[in-house]
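This report concerns only the one structure given below.
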Amino acid sequence: MNLSEEEIRVLNYERFHYPCLKIQKKLHSVYLKVACGYSNTEISRILDIHFNSVARYIKMDNFEVKELLTGLSAVNHHAAGMDVGSREMRVTYTNPEQFGDT
């Protein structure tokens, strides 16, 4: 799997910040394989997932990985508040009086 330095940088960020935890594990697996050169067994121990899952994530071709990264290549898109399409998260503020915490 060949990823550019920019894609590896985005992987590094998104493996902790992507809103879906399942996708985070996939991204983390790919990152550990590509950037750190860990074996599938080592990755499965680090992430506490089955080694067959790691193998399946690693077998994703470049197109699938790049598709995961689509829309994520903007630098600091979370911090800048840029619209990230389907990944936009909505924050709901609650009134503390609802819970008696005034």
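Coordinate-derived values only; no laboratory data. Quantities reported herein were computed from a predicted structural model and do not represent experimental measurements.
Observations on the model:
- Note on the range 5-48: Rg/Rh from C-alpha atoms, Kirkwood Rh, equals 0.96.
- A straight chain from Ala35 to Glu67 at 0.36 nm per residue would run longer than the Cα-Cα distance by 9.7 nm.
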